[in-house]
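See structure below.
Just so it is clear, none of the values below were taken in a lab; they were calculated from the coordinates. It should be emphasised that the depicted structure is a prediction, and the values quoted were computed from it without experimental measurement. Ideal geometry is used to build each Cβ from the backbone, glycine not excepted, and the neighbour counts take in all protein chains shown.
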Amino acid sequence: MTENPPQHRRPGEWPVPPVDLDANQTDHDQLYVQQAQERALHEMVLGSIRHDLLKQPSDSTIRAAARRWKNAITQLADELINTRRNER
């Protein structure tokens, strides 16, 4: 009995095996929901910061408040990095 060698096709060459486009639909739906949740969280955080900055009475107090926000975020990032390094 002789075996036929496998036929190799170049990309885009016919016949192409059919693809089930609905097979991973739930994965795509879950990814979309996750991305929408992350975007909503991002918008809420920025909205909170914007609200705080809008409450400031002058340009200089807006800049001071922005510096406080930046420092708080940087401090939080440093804490998370140190915690992650210590867990390794």
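Around Ala65, what is the net charge, scoring Lys/Arg as +1 and Asp/Glu as -1 over all other residues with Cβ under 13 Å from its Cβ?
Local charge sum for Ala65: +4.
Can you compute 3J(HN,Hα) from phi for each residue in region 34-50, using the Karplus curve 6.51 cos²θ - 1.76 cosθ + 1.60 with θ = phi - 60°, rounded to whole Hz and x for Gly and Pro?
Here the 3J(HN,Hα) series is 4, 5, 5, 5, 5, 5, 5, 4, 4, 5, 5, 5, 5, x, 5, 5, 4 Hz.
How large is ³J(HN,Hα) for each residue in region 80-88, as worked out from phi by the Karplus curve 6.51 cos²θ - 1.76 cosθ + 1.60 (θ = phi - 60°), to whole Hz, x for Gly and Pro?
5, 5, 5, 4, 5, 5, 6, 7, 6
Arg68 to Gln34: extension gain in nm, 0.36 nm per residue of separation minus the Cα-Cα distance?
The span from Arg68 to Gln34 would gain 9.2 nm if fully extended.
Run the simple label-point estimate for Met44 and Arg88 please: 7 Å along Cα→C-beta, distance reported in nm.
3.2 nm
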